[in-house]
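S.K.: Before I ask anything, let me first share the structure, which is written out below as structure tokens.
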């Protein structure tokens with residue numbers, strides 16, 4: 001580089017992907033133990049956290065199981081619903097934009 005020349009600086013803008021909440025909704029038919037299992041197996045929650053979230057679902061209308069980029073959130077929600085259907089439960093799980 002020649003003396004006195006100016007080096008042009010370029011900045012690349014990295015976009016942070018939109019985050020989606022995965023919501024688990026309360027129903028009167030899906031067993032509490034199954035919801036705890038879903039939270040532990042699909043959403044990687046420990047036992048205590050899974051039980052606490054399940055109680056939030058049970059006492060309210062829904063709870064946030066996790067926050068992820070869109071594709072991962074949709075995949076996890078679909079896995080949870082598929083597992084519930086295989087077991088014969090009507091569990092509702094949705095990915096919604098924050």
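The values are calculated or read from the model by the stated rules, or taken from the named source; none is laboratory data. Given the structure is predicted, the values throughout are model-derived calculations rather than measurements. Please note: Cβ atoms are built from the backbone with ideal geometry, for glycine as well, and neighbour counts cover all protein chains shown.
S.K.: Inspect all residues belonging to segment 39-56 and state whether any of them is surrounded by fewer than 17 Cβ atoms within 10 Å (Cβ to Cβ) and at pLDDT below 95.
M.R.: No, segment 39-56 contains no residue that is surrounded by fewer than 17 Cβ atoms within 10 Å (Cβ to Cβ) and at pLDDT below 95.
S.K.: Hey, can you tell me all the residues within segment 18-35 that are in a loop (DSSP other than H, G, I, E, B) and out of contact with any helix residue (DSSP H, G or I) (no Cβ under 7 Å at 6 or more places or on another chain)?
M.R.: Step one: of segment 18-35, the residues in a loop (DSSP other than H, G, I, E, B) are 18, 26-31.
Answer for segment 18-35, where residues must be in a loop (DSSP other than H, G, I, E, B) and out of contact with any helix residue (DSSP H, G or I) (no Cβ under 7 Å at 6 or more places or on another chain): 27, 28, 29, 31.
S.K.: Considering segment 76-98 alone, what residues qualify as being touching a residue at least 24 places away in the same chain (Cβ under 8 Å), closer than 12 Å to residue 38 by Cβ, touching a strand residue (DSSP E or B) at 6+ places or on another chain (Cβ under 9 Å) and surrounded by 17 or more Cβ atoms within 10 Å (Cβ to Cβ)?
M.R.: Across segment 76-98, the qualifying residues are 76, 77, 80, 84, 91, 93.
S.K.: Please enumerate the residues belonging to segment 57-71 that are touching a strand residue (DSSP E or B) at 6+ places or on another chain (Cβ under 8 Å) and surrounded by fewer than 17 Cβ atoms within 10 Å (Cβ to Cβ). Before you say what the answer is, go through the steps one by one.
M.R.: Narrowing segment 57-71 to residues touching a strand residue (DSSP E or B) at 6+ places or on another chain (Cβ under 8 Å): 57, 61-70.
Within segment 57-71, 61, 62, 64, 67, 69, 70 qualify.
S.K.: Let me ask something else. Report every pair of residues separated by at least 6 positions or lying on different chains whose Cβ atoms are under 6 Å apart, first residue within segment 17-46 and closer than 17 Å to residue 81 by Cβ, second in a loop (DSSP other than H, G, I, E, B).
M.R.: Close Cβ pairs satisfying both conditions: 21/98; 25/92; 26/61; 27/90; 29/90; 30/89; 30/91; 39/45.
S.K.: Quick one: in segment 56-82, of everything that is in contact with a helix residue (DSSP H, G or I) (Cβ under 8 Å, 6 or more places away or on another chain) and part of a helix (DSSP H, G or I), which residue is farthest from residue 25 (Cα to Cα)?
M.R.: 80
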